[in-house]
Amino acid sequence: MMRPRSEDGLRRLVELVAHLRSERGCPWDRAQTHQSLKSLLIEEAYETVAAIESQDPKALQDELGDLLLHVAFHTQIAQEQGHFTLDDLIEGVYQKIVRRHPHVFGEERTHEIERIKGRWEEIKRREGRKLTVLSALPALIEARKLQERAAHALTVEPSSAVRALFSAVSEEALGQVLLEIVAVAREHQIDPELALKKATARFAQQAEMELESRHDLPE
């Protein structure tokens with residue numbers, strides 16, 4: 001089989017998945033759905049992060065290739081169902097990136113990272129994207145990402161009791177506090193993952209209400 005050229009590699013990869021899902025292909029590949037591939041996609045994302053942390057370029061190349069295969073798989077399934085095509089996917093993300101960088105492609109001019117992040121979230125809201133919880137993510141990652149996205153609207157201020165737990169904040173000290181919090185949760189038969197998920201959902205709702213109350217997004 002000929003190796004795909006770089007300019008049409010993604011299209012060739014989607015076509016390869018289409019062959020695997022055909023009657024002449026593989027029964028396992030043919031049986032997959034968006035839902036059945038979710039956990040595998042999450043695993044591949046974690047393995048990609050591990051490759052980045054290992055600082056091994058070859059491992060990173062392999063893991064990014066696995067992620068790209070998932071993109072091709074989901075795209076082919078969507079095409080079969082008549083939902084969107086590869087061209088739709090590529091054009092959509094292209095237009096979105098241009099739209100969300102008005103400081104590069106528009107008349108706005110700023111080099112302030114926080115301002116850029118804030119405008120990104122404003123544009124997402126104008127597109128109808130709300131601050132929703134990301135249920136597939138582990139609770140700690142979800143809480144961090146949501147706080148980053150909502151930072152220009154609402155922040156979480158640590159209580160004096162929490163600050164008192166640290167003589168100096170460090171990765172080691174924070175890890176120990178989190179470990180002890182899990183121990184307290186276990187003692188009281190509380191699932192810490194579920195507890196943080198619920199707290200994050202409440203924070204998302206409060207942040208969304210704060211944003212809606214402002215009515216100050218520029219048109």
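The values are calculated or read from the model by the stated rules, or taken from the named source; none is laboratory data. None of these values were measured; they are calculated from a predicted model. Reconstructed Cβ throughout: ideal geometry from the backbone, glycine too, with neighbour counts over all protein chains shown.
General remarks:
- Pairing each residue of the stretch 152-173 that is loosely packed, with under 12 Cβ neighbours inside 10 Å with any residue that is modelled with pLDDT of 90 or more, provided the two are 6+ apart or on different chains, yields C-beta distances under 8 Å for Ser167/Ala173.
- In the stretch 26-49, of all residues being of a type in the set (A, V, I, L, M) and surrounded by 13 or more Cβ atoms within 10 Å (Cβ to Cβ), the one that is modelled with the lowest pLDDT corresponds to Ile42.
- Near pairs, Cβ below 7 angstrom, 6+ apart or cross-chain, from the stretch 98-120 (within 20 Å of Ala150 (Cα to Cα)) to any residue that is basic (Lys, Arg) and assigned to a loop (DSSP other than H, G, I, E, B): Trp120/Arg100
- Pick from the stretch 11-61, criterion among the charged types (D, E, K, R) and under 20 Å from the mean Cα position of the chain (by Cα), ranking: nearest to Thr85 (Cα to Cα): Lys38
- From the list Leu217, Leu196, the lone residue that is hydrophobic (A, V, I, L, M, F, W, C), within 30 Å of Glu127 (Cα to Cα), modelled with pLDDT under 90 and within 27 Å of the chain's Cα centre (by Cα) is Leu217.
- Tallying residues that are surrounded by 14 or more Cβ atoms within 10 Å (Cβ to Cβ) and over 19 Å from Ser36 (Cα atoms) within the stretch 63-78 yields 2.
- For the stretch 157-215, taking the residues that are in contact with a helix residue (DSSP H, G or I) (Cβ under 6 Å, 6 or more places away or on another chain) and β-branched (Val, Ile, Thr), the one that is farthest from Arg129 (Cα to Cα) is identified as Val182.
- In the stretch 145-160, the residues that are at pLDDT below 90 and not in a loop (DSSP other than H, G, I, E, B): Lys145, Leu146, Gln147, Glu148, Arg149, Ala150
- Just one residue in the set Gln81, Gln95, Gln55 is surrounded by fewer than 12 Cβ atoms within 10 Å (Cβ to Cβ) and on the phi > 0 side of the Ramachandran plot; that residue is Gln55.
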